[in-house]
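Participant: Got a structure here, written out as structure tokens. Questions coming.
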């Protein structure tokens, strides 16, 4: 059976991108974000590839994501970025040797329900201005007391998250980093600030730990820097195929709502992919794809199972030709802009209908 839509994930590209991160932040340890199924790339194969490449730790959003990795025998340290939400989760986190990110006092109360002998590894998350999760910076002395009173709790470090790291020169980012550093002046424990954008654009965010996400998957987190210019390689290639090629006269309309009108007699291609596969209905006419290595644009509204293309640039295109939605030669971040979104959402939005292939350096997994 031939898959309609295939996402091919090059795990050697993920490993290459990890080395790019290490080059950018040579004095930092790397906690790789593999939450949300490794940004839609496949949590277990990506985590195994990163572990094989010597990553220092992995980061997931929640306990369910961590358990998927542990059940697949991934042994690297794993941090729960949102922490735990019940005493049962706290006990399981200890049993599975997970690092718990603690961001609020109610979580401290949950952890206090653990037996006194429990050996807990934790990070304290501080709110330096993102105003999403984290203790106020003024709580640092209180959190130090908490640790002194609980000798079996091991502090992995202190972390914060930047709100505008993808805006080089942002005064607010400089304020966040400065406030975080000031609050921890003289306080023991490792620091972690930079996500992908932070570690690339803000040298002062390359603290003891960096937490890359998007960069590991070969996308640039910065609007004015391409992935290629940063030395990153796209890890995912999303492909479908042409299932029809038909010619229409000038003025004829294509697809739902008749949004697209043919400006001349022209070939229209139909591709077996749509919003049920994760291709946003919001994609505008003109969104590029690759056919026979040439860029051709969307022509008409995305439907559940199909998109339509203006094939004037490749009039020789035939049924069965491969159509690349994003990947090498067509960056996902560029494609995402045509739906007024970001590459993260494209990757995470792929559905169960998409067939995944994971490639190692020596071939298919």
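Participant: Starting from the Cα-Cα distance between residue 105 and residue 318, subtract it from 0.36 nm times their residue separation and give me the gain in nm to one decimal.
Facilitator: 70.5 nm
Participant: Once you sort the root eigenvalues of the Cα gyration tensor of region 193-251 as a ≥ b ≥ c, which label holds: rounded (a/c under 1.5), prolate (a/b larger than b/c) or oblate (the other case)?
Facilitator: Prolate is the answer for region 193-251, as a/c is 1.5 or above and a/b outweighs b/c.
Participant: Right, next: Give me the percent relative contact order of region 164-226, please, defined on Cα pairs under 8 angstrom at least 6 residues apart.
Facilitator: Over region 164-226, the number comes to 31 percent.
Participant: Any idea what angle helix 171-183 forms with the longest principal axis of the chain, computed on alpha-carbon atoms, 0 to 90 degrees, nearest 10?
Facilitator: Here the helix axis deviates by roughly 20 degrees.
Participant: State, to one decimal in nm, how far the label point of residue 185 lies from the label point of residue 248, with both points 7 Å from Cα in the Cβ direction.
Facilitator: About 6.7 nm separates the two model spin labels.
Participant: Okay, moving on. Normalised by the number of residues in region 236-364, what is the relative contact order in percent for Cα pairs under 8 Å and 6+ residues apart?
Facilitator: The value is 27 percent.
Participant: Would you mind getting the Kirkwood hydrodynamic radius of the chain from its Cα pairs, rounded to one decimal in Å?
Facilitator: Value: 22.2 Å, from the Cα pair sum.
Participant: Would you mind telling me which residue in 23, 308, 173 has the biggest mean-square fluctuation in a Gaussian network model of the chain, where springs connect alpha carbons within a distance under 10 angstrom?
Facilitator: Looking only at 23, 308, 173, the largest GNM fluctuation is found for 23.
Participant: Could you work out the relative contact order of the chain? I mean the mean sequence separation of Cα pairs under 8 Å and 6+ apart, divided by the number of residues, in percent.
Facilitator: RCO, the chain: 18 percent.
Participant: Another question, then. Along the Cα→Cβ direction, 7 angstrom out, place labels at residue 171 and residue 304. What is the inter-label distance in nm?
Facilitator: For the pair residue 171/residue 304, the computed spacing is 5.2 nm.
Participant: For every helix of n ≥ 4 consecutive DSSP H residues, a contribution of -39,500 (n - 2.57) applies; sum these over the chain, divide by its total residues, and give [θ] at 222 nm rounded to the nearest 500 deg cm²/dmol.
Facilitator: Computed mean residue ellipticity for the chain: -7500 deg cm²/dmol.
Participant: Quick one: Cα centre-to-centre distance for region 164-230 and region 92-148, in angstrom?
Facilitator: When both Cα centres are located, 22 Å separates them.
Participant: To continue, here is another question. Note the angle between two axes, namely the Cα long axis of helix 43-52 and the longest principal axis of the Cα atoms of the chain, as a number of degrees from 0 to 90, rounded to the nearest 10.
Facilitator: 60
Participant: Another one. Pick out which of 346, 69, 184 has the largest mean-square fluctuation in a Gaussian network model of the chain, springs linking Cα atoms closer than 10 Å.
Facilitator: Sorting by GNM fluctuation, first place goes to 184.
Participant: If you stretched the chain out fully between residue 121 and residue 144, how much longer would it get, using 0.36 nm times the residue separation minus the C-alpha to C-alpha distance?
Facilitator: Working it through step by step, the gained length comes to 6.8 nm.
Participant: Could you tell me the calculated FRET efficiency between residue 226 and residue 12, based on Cβ-Cβ distance and R0 = 22 angstrom, to the nearest 0.05?
Facilitator: 0.60
Participant: Could you tell me whether region 11-217 comes out rounded, prolate or oblate from its Cα gyration tensor? Rule is a ≥ b ≥ c as square roots of the eigenvalues, rounded for a/c under 1.5, then prolate if a/b exceeds b/c, otherwise oblate.
Facilitator: Here region 11-217 falls in the oblate category.
Participant: Estimate the FRET efficiency between residue 360 and residue 62 by the formula 1/(1 + (r/R0)^6), using the beta-carbon distance for r and 35 Å for R0, to the nearest 0.05.
Facilitator: That pair, residue 360 with residue 62, gives E of 0.80.
Participant: Kindly identify region 287-351 as rounded, prolate or oblate by the Cα gyration tensor criterion: order the square roots of the eigenvalues as a ≥ b ≥ c, call it rounded if a/c is under 1.5, otherwise compare a/b with b/c, prolate if a/b is larger, else oblate.
Facilitator: Note, shape of region 287-351 comes out prolate.
Read the figures in this text as sums done on the coordinates, not as results from a lab. No experiment lies behind these values; they were computed from the predicted model shown. Reconstructed Cβ throughout: ideal geometry from the backbone, glycine too, with neighbour counts over all protein chains shown.
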